[in-house]
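Asks: Pasting a structure below so you can have a look.
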There are 2 protein chains.
Amino acid sequence: MKVATHQLRCTECGARIAGNAVNSIFRCPICNGLYDVIYPWSAIPGEESSPSASNLPNASALRWLWQERRTSTMPVDQSGVWRFRDLLPIVDDANVVTLREGNTPLYDLPRAAKSIGLDWILAKHQGMNPTGSFKDTGMTAALSVAKERGFEWVACASTGNTSAAMAAYAARAGMRSIVFIPEGKIAWGKLSQSMDYGALTIQLKTDFDGCVNVLTDLVTRFPIMLLNSVNPYRLEGQKTPAFELVEQLEWQVPEHIIVPGGNLANGSALAKGFAEMHHLGLISRIPKVSIIQAQGANPLYLSLQENGGEELIPVKANTRATAIRIGNPASWRKALRALRTTGGWCEEVTEQEIALAKAQIGSEGIGCEPASAVTLAGLKKLVAQGKIGREERVVLVLTGHTLKDSNYTIDYHRGELFTPEEDAEISAADQALHSALRKPPLVLDPDPDTVFRMLESQMKLVHA
Amino acid sequence: MKVATHQLRCTECGARIAGNAVNSIFRCPICNGLYDVIYPWSAIPGEESSPSASNLPNASALRWLWQERRTSTMPVDQSGVWRFRDLLPIVDDANVVTLREGNTPLYDLPRAAKSIGLDWILAKHQGMNPTGSFKDTGMTAALSVAKERGFEWVACASTGNTSAAMAAYAARAGMRSIVFIPEGKIAWGKLSQSMDYGALTIQLKTDFDGCVNVLTDLVTRFPIMLLNSVNPYRLEGQKTPAFELVEQLEWQVPEHIIVPGGNLANGSALAKGFAEMHHLGLISRIPKVSIIQAQGANPLYLSLQENGGEELIPVKANTRATAIRIGNPASWRKALRALRTTGGWCEEVTEQEIALAKAQIGSEGIGCEPASAVTLAGLKKLVAQGKIGREERVVLVLTGHTLKDSNYTIDYHRGELFTPEEDAEISAADQALHSALRKPPLVLDPDPDTVFRMLESQMKLVHA
């Protein structure tokens, strides 16, 4: 396959530049806006687009090609991102850096669906990616671009999933990576992966914004590629789960996609994927993409309530769903666009609602990190508000693996996640669900009769 | 597909019974031996086997069928275990309990290969399974059998990967699961998954053997299926990565497979897979399967040294590679048979060798838990002993994800894994490797110049 040209288009002022002409901070020099990657066949919102028919990839041919590649043993075909490379022609095949990301399972959640009163709920589990989060689909794209452009170093500010993914793909490419974090705010568990994959970890005696400032200086003065989510190539990778999803559904389109909202790039990436498929005739309509935030980290929700999304109201983020603990998200305008173009909603959910939803997902044999569980918690609200009906098909995007945050799970089941005051805020119905789901370890004598009596009581409980 | 009959055959005395006639402890009532699952087309070691040609599955047809299923959207086809169900016809398709296990990546380790002096090393990463370990491939098989036979409860004694996998698949099937662990020896992180997936966790005031005794009593008196690795159906699932591996290599057979040795069921399961493929003409020869143990948990290695494997010498296991911290492995005779029939070796490696190997694998962008890293550490020994040559193709089986044991990784990079005395035992060459791989976090002022000077020194180091 020959590499097609692509451009970067400012999402604010519409200015276009060649992909390799972008500055080191990935922002428009005219208006400071973020970029979208566009292709000769792209439909540009608000512009009369008339690409010649010969430029438009053929939908049937693409479907056939993508299916054929599933039987290939080549790494670039086995990747669930690059299998769709015809719609993200940003690098030459030879420069692809892959860990066989994507190809994530689509699970049904029959018990959750029943308890909410829906016919079915599906979960697209992006936590099943190589480093345990959805970030891998974006990092394979951005690191491949970094490799093609000759970078030897990459960097980001993050203490979590982003740094883990960056470190892994950089190591795979034989490149070096730097992670900046504020001193004293280290979640060692989340950082263990960056260290394992050989990243250089630098604690700065400042806060997160201070880290971003140093990082910005750094990429301006050194040949280091910035890999925070302002990098638009990450979103090209993160749009591909939309392709994979509808392919798994035999090209049927669900009514609703629900994603967690942290830095807010993921929902817009998926919306871009759906819009491109629709434009090319691969699907007949676009699902509503809804974004759910934790109440303690709800800048988008708050801004929509207060000023209709005119401007962002940053918040001091506080939630145990650490992957979405972001108070000043970089991609809020892109997320807003995704909500508006698809017709989805933004909701917020409490810590208790997140914990309950996570336990419900776990009880179906599918673990996820707390941030992922906001999707189910938010779905309950949207159903209660009458926005989603019984027969409508809903896909939750689970973004991280349960192993990303073992402590949260342990605290929950030992009853140590909430204070008695916080527990008192939980409704009676939810209290009953918590009681059924919570599994504190029992301590028993090794006397078989003691064990058997306890189990008989449990079995009756279940059989009753 | 119609369910073919299968039998269980005692690996000690050769007695055969129907699959559904097995007792609740999965041991031969005549000699207490463990069972193999056998099929009408199986070759029985030491027996003149003459299955009629019509019973033998056709190799070309199987290859074609298995490839075709890769394009299917049915869960039973998307599973990397059940895609090969023709060679494990133990349940009806309708009873399959799957989390889309298998389909794990095969990575190359170019830097490790170079440093050891081999042309290439591949790693089959079973830690990329849904719950993060190779146990999933076995649990999907055993839980499906439990479901088909009408069990509502399953149980195992384990604090680690086995209980996590059992709990997930039981939850998926709508069944209840019980995990027995010795009181006071809880690794909370490892148990978090069992709790997340809704298992009932019972700490008994006894040791591990005491737990097994209670469990044995329990499954004898209650309708609960025993899911420890004596359950032969688990091994039917665990043989399928052998099929997947050679398919990924376009039906070429590597010279060597290297697996970690804990309870010793995994190596024998893979050897069974290779033997069956060879018998059916799917591959032209069988790779040598070698088993590596931690020095602190080396009963098989010790027994081979002391008595040529005549009888097992149990040890009091002690290693930080917790997944293989087993002193009295149930499946040691099966493992011995795998070594002898394939021509592989058994080696032991030190804690320091394990830590170095894990860091080397991590530095290629591929994390694993410590137990997985014994494979690379053992490979170094086999190469040094002249048992494996430069051109021979080696596949390491990585059994668990790096997220299974974050604390180990953190302790390593912060220099807290070993005492100064233990550090002093490391050779100068390995010390240099450790220094290059260890990534302790740095603490710096947020003054850009300080950061830049440090990075310039790092870059020179790398570019030199």
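The values are calculated or read from the model by the stated rules, or taken from the named source; none is laboratory data. As the structure is a computational prediction, the values presented were derived from the model and not from experiment. Please note: Cβ atoms are built from the backbone with ideal geometry, for glycine as well, and neighbour counts cover all protein chains shown.
Asks: Would it be correct to say that residue A:201 is more than 7 Å from chain B (Cβ to nearest Cβ) and either surrounded by 21 or more Cβ atoms within 10 Å (Cβ to Cβ) or of a type in the set (S, T, N, Q) (or both)? Walk me through how you get there before you give the answer.
Replies: On the way: more than 7 Å from chain B (Cβ to nearest Cβ): no; either surrounded by 21 or more Cβ atoms within 10 Å (Cβ to Cβ) or of a type in the set (S, T, N, Q) (or both): yes.
It is false that residue A:201 is more than 7 Å from chain B (Cβ to nearest Cβ) and either surrounded by 21 or more Cβ atoms within 10 Å (Cβ to Cβ) or of a type in the set (S, T, N, Q) (or both).
Asks: With the condition kept exactly as written, say whether any residue in segment A:140-153 is more than 18 Å from the chain's Cα centre (by Cα), facing chain B (nearest Cβ under 10 Å) and either surrounded by fewer than 24 Cβ atoms within 10 Å (Cβ to Cβ) or over 21 Å from residue A:376 (Cβ atoms) (or both). Break it down stepwise before answering.
Replies: Taking segment A:140-153 and keeping what is more than 18 Å from the chain's Cα centre (by Cα), we get A:144-153.
If we keep only those that are facing chain B (nearest Cβ under 10 Å) as well, we get A:152-153.
The next check asks that each one be either surrounded by fewer than 24 Cβ atoms within 10 Å (Cβ to Cβ) or over 21 Å from residue A:376 (Cβ atoms) (or both); those that pass are A:152-153.
Yes; the residues of segment A:140-153 include at least one that is more than 18 Å from the chain's Cα centre (by Cα), facing chain B (nearest Cβ under 10 Å) and either surrounded by fewer than 24 Cβ atoms within 10 Å (Cβ to Cβ) or over 21 Å from residue A:376 (Cβ atoms) (or both).
Asks: As an exercise: evaluate residue B:169 against (1) surrounded by fewer than 22 Cβ atoms within 10 Å (Cβ to Cβ); (2) at the interface with chain A (Cβ under 8 Å from one of its Cβ atoms) and give the number of the one condition it does not meet.
Replies: So the condition that residue B:169 fails would be (1).
Asks: Listed residues B:340, B:333; which is more than 16 Å from residue B:109 (Cα to Cα) and without any contact (Cβ under 8 Å) to a residue 12 or more places away in the chain? Spell out the reasoning first.
Replies: Details: B:333 fails: without any contact (Cβ under 8 Å) to a residue 12 or more places away in the chain.
Going through B:340, B:333 in turn, just one is more than 16 Å from residue B:109 (Cα to Cα) and without any contact (Cβ under 8 Å) to a residue 12 or more places away in the chain: B:340.
Asks: Can you tell me which residue in segment A:350-365 is nearest to the other protein chains (Cβ to nearest Cβ), limited to those that are part of a helix (DSSP H, G or I) and of a type in the set (Val, Ile, Thr)? I'd like the intermediate steps shown before the answer.
Replies: So in segment A:350-365, the residues part of a helix (DSSP H, G or I) come out as A:351-362.
Imposing the further condition that a residue be of a type in the set (Val, Ile, Thr) reduces the set to A:354, A:361.
Working: A:354: 14, A:361: 9 Å.
Once the filter is applied, the top-ranked residue is A:361.
Asks: Is one or more of the residues making up segment A:204-214 over 30 Å from residue A:366 (Cα atoms) and small (Gly, Ala, Ser)?
Replies: If we filter segment A:204-214 for residues that are over 30 Å from residue A:366 (Cα atoms), which is where we start, we get A:204-214.
Filter once more, so that each one left must be small (Gly, Ala, Ser): A:210.
There is at least one residue in segment A:204-214 that is over 30 Å from residue A:366 (Cα atoms) and small (Gly, Ala, Ser).
Asks: Hey, among the residues in segment A:334-364 that are closer than 29 Å to residue A:27 by Cβ and out of contact with any strand residue (DSSP E or B) (no Cβ under 8 Å at 6 or more places or on another chain), which one's surrounded by the most Cβ atoms within 10 Å (Cβ to Cβ)?
Replies: A:336
Asks: Select, from A:238, A:252, A:295, the only residue that is at pLDDT 95 or above, in contact with a Ser or Thr (Cβ under 9 Å, 6 or more places away or on another chain) and surrounded by fewer than 22 Cβ atoms within 10 Å (Cβ to Cβ).
Replies: Numbers: A:238 fails: surrounded by fewer than 22 Cβ atoms within 10 Å (Cβ to Cβ); A:252 fails: in contact with a Ser or Thr (Cβ under 9 Å, 6 or more places away or on another chain).
Exactly one of A:238, A:252, A:295 is at pLDDT 95 or above, in contact with a Ser or Thr (Cβ under 9 Å, 6 or more places away or on another chain) and surrounded by fewer than 22 Cβ atoms within 10 Å (Cβ to Cβ), namely A:295.
Asks: Collect the residues in segment B:398-413 that are surrounded by fewer than 24 Cβ atoms within 10 Å (Cβ to Cβ) and touching a Phe, Trp or Tyr at 6+ places or on another chain (Cβ under 6 Å), keeping them in residue-number order.
Replies: Hit for segment B:398-413 is B:410, nothing else.
Asks: Scan segment B:427-441 for residues that are touching a Ser or Thr at 6+ places or on another chain (Cβ under 9 Å) and either in a loop (DSSP other than H, G, I, E, B) or surrounded by 14 or more Cβ atoms within 10 Å (Cβ to Cβ) (or both) and jot them down.
Replies: Within segment B:427-441, the subset touching a Ser or Thr at 6+ places or on another chain (Cβ under 9 Å) is B:433, B:436-437, B:439-441.
Correct list: B:433, B:437, B:439, B:440, B:441.
Asks: Also, quick follow-up: Please go through (1) under 30 Å from residue A:151 (Cβ atoms); (2) touching a His at 6+ places or on another chain (Cβ under 7 Å); (3) within 11 Å of chain A (Cβ to nearest Cβ); (4) at pLDDT 95 or above for residue B:398 and return the number of the only condition it doesn't satisfy.
Replies: (3)
Asks: Here is a further query. Out of all the residues in segment A:406-425, which are within 17 Å of residue B:195 (Cα to Cα) and either assigned to a loop (DSSP other than H, G, I, E, B) or more than 9 Å from chain B (Cβ to nearest Cβ) (or both)?
Replies: Taking segment A:406-425 and keeping what is within 17 Å of residue B:195 (Cα to Cα), we get A:406-417.
Result: A:411, A:414, A:415, A:416, A:417.
Asks: Let me ask another. Out of all the residues in segment A:161-195, which are closer than 16 Å to residue B:365 by Cα, small (Gly, Ala, Ser) and assigned to a loop (DSSP other than H, G, I, E, B)?
Replies: A:174
Asks: Sticking with this structure for a sec: I'm checking my understanding of the structure. Among residues of segment B:110-125 that are crowded, with 24+ Cβ neighbours inside 10 Å and within 13 Å of chain A (Cβ to nearest Cβ), which one is farthest from the chain's Cα centre (by Cα)?
Replies: Taking segment B:110-125 and keeping what is crowded, with 24+ Cβ neighbours inside 10 Å, we get B:121, B:123-125.
Subsequent filtering for residues that are within 13 Å of chain A (Cβ to nearest Cβ) retains B:123-125.
On the way: B:123: 13, B:124: 11, B:125: 10 Å.
In this case the residue turns out to be B:123.
Asks: State yes or no: is residue B:368 touching a strand residue (DSSP E or B) at 6+ places or on another chain (Cβ under 9 Å), within 14 Å of chain A (Cβ to nearest Cβ), under 30 Å from residue B:232 (Cβ atoms) and not β-branched (Val, Ile, Thr)? Quick ask: steps written out before the conclusion?
Replies: Values: touching a strand residue (DSSP E or B) at 6+ places or on another chain (Cβ under 9 Å): yes; within 14 Å of chain A (Cβ to nearest Cβ): yes; under 30 Å from residue B:232 (Cβ atoms): yes; not β-branched (Val, Ile, Thr): yes.
Yes; evaluated as a whole, the condition is true for this residue.
Asks: Right, another one. Could you say whether any residue in segment A:392-409 is under 30 Å from the mean Cα position of the chain (by Cα) and without any contact (Cβ under 8 Å) to a residue 12 or more places away in the chain?
Replies: At the first step, the residues of segment A:392-409 found to be under 30 Å from the mean Cα position of the chain (by Cα) are A:392-409.
Applying the additional criterion that residues be without any contact (Cβ under 8 Å) to a residue 12 or more places away in the chain yields none.
Within segment A:392-409 (the criterion being under 30 Å from the mean Cα position of the chain (by Cα) and without any contact (Cβ under 8 Å) to a residue 12 or more places away in the chain), the answer is no, since none of the residues qualifies.
Asks: In addition: Check whether at least one residue in segment A:341-357 is closer than 22 Å to residue A:240 by Cα and of a type in the set (Val, Ile, Thr), and report yes or no.
Replies: yes
Asks: Does residue A:450 meet the test of being farther than 22 Å from residue A:362 by Cβ, out of contact with any strand residue (DSSP E or B) (no Cβ under 6 Å at 6 or more places or on another chain) and of a type in the set (S, T, N, Q)? Spell out the reasoning first.
Replies: Working: farther than 22 Å from residue A:362 by Cβ: yes; out of contact with any strand residue (DSSP E or B) (no Cβ under 6 Å at 6 or more places or on another chain): no; of a type in the set (S, T, N, Q): yes.
So residue A:450 fails the test.
Asks: State which residue pairs qualify: first residue facing chain B (nearest Cβ under 7 Å) and closer than 19 Å to residue B:191 by Cα and inside segment A:431-444, second residue among the aliphatic types (A, V, I, L, M) and part of a loop (DSSP other than H, G, I, E, B) in any location, beta carbons under 8 Å apart, and separation of 6 or more residues or different chains.
Replies: Once the first residue is facing chain B (nearest Cβ under 7 Å) and closer than 19 Å to residue B:191 by Cα and sits in segment A:431-444, its partners that are among the aliphatic types (A, V, I, L, M) and part of a loop (DSSP other than H, G, I, E, B) give A:439/B:199; A:441/B:186.
Asks: Something else about it: Could you list, in sequence order, all residues of segment B:83-107 that are farther than 30 Å from residue A:406 by Cα and within 14 Å of chain A (Cβ to nearest Cβ)? I'd like the intermediate steps shown before the answer.
Replies: Step one: of segment B:83-107, the residues farther than 30 Å from residue A:406 by Cα are B:83-95.
B:83 - this is the single residue of segment B:83-107 that is farther than 30 Å from residue A:406 by Cα and within 14 Å of chain A (Cβ to nearest Cβ).
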